1. Return the total of residues in region 254-283 being assigned to a helix (DSSP H, G or I) and either under 22 Å from MET220 (Cα atoms) or within 14 Å of ligand 1 (Cβ to nearest atom) (or both).
2. Could you say whether any residue in region 229-236 is basic (Lys, Arg) and buried (at least 20 other Cβ atoms within 10 Å of the Cβ)?
3. When you scan region 281-300, do you find a residue that is at pLDDT 95 or above, open to solvent by 40 Å² or more (accessible area, probe 1.4 Å) and in contact with a Lys or Arg (Cβ under 8 Å, 6 or more places away or on another chain), even just one?
4. Given the conditions (1) open to solvent by 20 Å² or more (accessible area, probe 1.4 Å); (2) within 15 Å of ligand 1 (Cβ to nearest atom); (3) over 13 Å from GLU108 (Cβ atoms), and given that GLU165 satisfies all but one, which numbered condition is not satisfied?
5. Consider MET220 against the criteria (1) of a type in the set (A, V, I, L, M); (2) within 16 Å of ligand 1 (Cβ to nearest atom); (3) open to solvent by 10 Å² or more (accessible area, probe 1.4 Å): it satisfies all of them except one. Which criterion is unmet?
6. Going through LYS132, LYS155, LYS119 one at a time, which residue ends up being of a type in the set (Lys, Arg), surrounded by 14 or more Cβ atoms within 10 Å (Cβ to Cβ) and not in a helix (DSSP H, G or I)?
7. Filter region 2-27 down to the residues that are within 16 Å of GLU75 (Cα to Cα) and touching a helix residue (DSSP H, G or I) at 6+ places or on another chain (Cβ under 8 Å), then identify the one that is surrounded by the fewest Cβ atoms within 10 Å (Cβ to Cβ).
8. For region 73-88, state whether one or more residues are touching a Phe, Trp or Tyr at 6+ places or on another chain (Cβ under 8 Å) and not basic (Lys, Arg).
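The values are calculated or read from the model by the stated rules, or taken from the named source; none is laboratory data. Being a predicted model, the structure only gives us computed values, none of them experimental. Using ideal geometry, Cβ is built from the backbone for each residue, glycine included, and neighbour counts are taken over all protein chains shown. Areas reflect the complete protein model, heavy atoms only, side chains present, ligands, DNA and RNA absent. Shrake-Rupley method; radii C 1.70, N 1.55, O 1.52, S 1.80 Å.
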Amino acid sequence: MLVILSSDCSVADVAAVESAITAMGYTPLAVPGENRTAICVTGNKGPVDPGPLRGLRGVVDCIPVTKPYKLVSREVRAEDTVVDVDGITIGGDAHPILIAGPCSVETEARTLRIAEAVKNAGAAMFRAGAFKPRTSPYDFQGLGVEALHTLRRVKQEFGLPIVSEIVDAAHLEVMIEHVDVLQVGTRNMQNFALLQRLAEQPRPVLLKRGPAATLTEWLMAAEYLLAGGKRDVILCERGIRSFSDHSRNTLDLNVVPVVRQMSHLPIVVDPSHGTGRRDCVRPMARAALAAGAHGLLVEAHFDPRSSYTDAAQTVDADVIRGIHDDAAVLARLPALDAVGAGRAAVLSSRP
Ligand code: PEP
Ligand code: MN
C-alpha cells in the first residue's frame, strides 16, 4: 500500500504515519517524488487494512499496490527515474546512451586504444570487465585490480565514466574507488546478499537480467536494491536462454515496452550477449532503440577478433559509429503509445 500525504504536511505528520505503519507490524519506506509525499508500506504478506491510516493528519489517500514489487513499480512512482552518472543522464526522455568497450580489460595500451576508438565513434561511457565470471575455471578470469587501475587511466585520458562488473562483495571498496557504475551480471541477478550490499554503497547499479529470469523475478531483484535505499538503478536486458541454435541467447525485446509500463527504472539493452554474433549487433541495437530502450551496452574493440573474451560478438568502432548514427535517427520517432499509455494511466490514478 502507498500512503499519500498532502504536499504541505509536516515532518510530525510523516512521523506519525510511519509510527502507525510500524505499530501495524509493517515497515514504512519513504518514496521520494517531485509533487507529493508518499510512504510505502512494506513487509505485508497480504492486503493492508487502510483503516488505521486513513484518519491520520495529512493523509489524503491510501492506494493498494497490486504487484509483489513495490518501490520499482509505476504504481508507487509514476515519474521516470533518471540516473545521473557524472552529468550523463540515463532514463526518462534523455537521448539514448551508448555504453561501449571490450568484454574484458586487456593490456593498458590495448584498452586505451579501444577507449579512444569508441569515444571517437560516439560512446558516452566505457564498459569493460576487470573480474570476469567465466563458465570454465580454466578460462581467462580478468586482470582484477590491475584492470581497475587501467580503467582509471581510461577515465583520466578520455573522460568516459566507467561501468564494470562486481562479482564479489569483497571487492566493493576497490570497485567503488575506480568505477562509476557497478554492473551486476546475469549470473548474480539473484545473489541477494550481494544486492543488499550494493544497496548501501554510493555508485549507481546496472542490473542485468538473469538468463532464465521472468520479468517479475528481475524486478524483485531490483526491489532488493531499492528496498535497501538505492535509487539509481538501471535495468539491462541481455538475452535469455531459449532453444535457439542460431544465436547465443534470445534478446527479449518484448520486455522493453513492458518494463517501461511496469517500472519507472531506465532500461538499457545489450545486443552483444543477447545475440553472441557481431553481424546481429547493429540490427538488434536498432530494434532495441525502436522498442524504447534508454540506451545500449555494446562490446567493442579496435580488432574484435583478437578480443581476450567474447570475440565472436565484439564489433569494431565503425559499427559503434553506425549505432550512434542510428540512435540519432530513431530519436526523432514520436514516443510510443504503449509506454506513454502505461505512464499516463498511472499518473491519472494519482491525486
Ligand atoms: C559481460 O557483460 O561481459 C557479461 C559477462 O555479461 P552477462 O552477465 O550478461 O553474461
Ligand atoms: Mn562479455
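1. Adding up the residues that qualify gives 14.
2. Yes; the residues of region 229-236 include at least one that is basic (Lys, Arg) and buried (at least 20 other Cβ atoms within 10 Å of the Cβ).
3. no
4. Answer for GLU165: the failing condition is (1).
5. (2)
6. LYS132
7. LEU5
8. no
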